[in-house]
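Here is the structure we will look at.
The values are calculated or read from the model by the stated rules, or taken from the named source; none is laboratory data. Note that the structure is predicted; figures quoted are calculated from it, not measured. Here the Cβ is made from the backbone with ideal geometry for all residues, glycine too, and neighbour counts use every protein chain on show. Just so you know, the surface numbers come from the protein's heavy atoms only, side chains and all, with ligands and any DNA or RNA stripped out. Shrake-Rupley method; radii C 1.70, N 1.55, O 1.52, S 1.80 Å.
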Amino acid sequence: TIEPTATPVEVRFGSPQRQNRWSVLFRGILIIPQIVVLFFVSIAAFVVAVIGWFGALFTGRLPGFAIEFLTGYLRWTSRVNGYAHFLTGRYPPFSLEPSEEYPIDVVVQGGRLNRWAVLFRIILAIPANIVATVVSLGLGIFSIILWFTALFTGKLPPSFFEATAAAARYRVRYTCYFLMLTSVYPG
């Protein structure tokens, strides 16, 4: 049988919705418990990624448990980042699992990986990492404008929402490539 090749990563953000201005005002404080828990989950994700790297190097595929855990980790991280950057007003669940009720989701389907690309993944990811870092820094600066806009209007204008979603989407796609969840280089 022919094994499927890796597919692009799908990142969904829903659409701009009204947000509670009080939660916008205190968003930086409300997000702290999520960041603390995600710090410990990221340590586990690092360990799983290292184990997965060896698995992918020898088998040409990321092991199933690694795909499931790392996808859940990226889903959770995307939800927290989306909440922090006002893409949604709904507090993110403390969960790696998909939720049809929550507007932010990450969908990854693992597939075959080139073993040479796995071996040199860190080097191959450097250009995308530079772009992802610049995009993240820009989003960090832009988030001040996002905060004031969400605070005073109660929601993000569609253009702000789309720009923020595009930046977050690129970061997730880069991370999926780096973690070997896909062989599709982020464009």
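Selection over the range 54-66 of residues that are over 11 Å from L181 (Cα atoms) and either crowded, with 23+ Cβ neighbours inside 10 Å or not hydroxyl-bearing (S, T, Y) (or both) gives a count of 6.
Scanning the range 10-35 for residues that are open to solvent by less than 60 Å² (accessible area, probe 1.4 Å) and within 16 Å of I144 (Cβ to Cβ) yields V24, R27, G28, I31. None of F46, F40, F69 is part of a helix (DSSP H, G or I), open to solvent by 40 Å² or more (accessible area, probe 1.4 Å) and either under 30 Å from T153 (Cα atoms) or touching a residue at least 24 places away in the same chain (Cβ under 8 Å) (or both) except F69.
Among the residues of the range 81-119, those identified as of a type outside the set (V, I, T), under 23 Å from F65 (Cα atoms) and in contact (Cβ under 8 Å) with a residue 60 or more places away in the chain are F94, D105, Q109, G110, G111, R112, L113, N114, A117, L119. Set side by side, the residues V118, V134 differ, and just one is touching a helix residue (DSSP H, G or I) at 6+ places or on another chain (Cβ under 9 Å) and among the β-branched types (V, I, T), which is V118. Exactly one residue out of G110, G89, G138 is part of a helix (DSSP H, G or I) and not β-branched (V, I, T): that is G138.
When you look at T175, is it surrounded by 16 or more Cβ atoms within 10 Å (Cβ to Cβ), assigned to a helix (DSSP H, G or I) and of a type in the set (S, T, N, Q), yes or no? Considered against the rule, which asks whether it is surrounded by 16 or more Cβ atoms within 10 Å (Cβ to Cβ), assigned to a helix (DSSP H, G or I) and of a type in the set (S, T, N, Q), T175 comes out as yes.
It is to be established whether one or more residues within the range 151-165 are in a loop (DSSP other than H, G, I, E, B), open to solvent by less than 40 Å² (accessible area, probe 1.4 Å), hydroxyl-bearing (S, T, Y) and in contact with a Gly (Cβ under 9 Å, 6 or more places away or on another chain). No, there is no match, as no residue in the range 151-165 is in a loop (DSSP other than H, G, I, E, B), open to solvent by less than 40 Å² (accessible area, probe 1.4 Å), hydroxyl-bearing (S, T, Y) and in contact with a Gly (Cβ under 9 Å, 6 or more places away or on another chain).
Within the range 75-100, being in contact with a strand residue (DSSP E or B) (Cβ under 7 Å, 6 or more places away or on another chain) and open to solvent by 40 Å² or more (accessible area, probe 1.4 Å) holds for one residue alone: P98.
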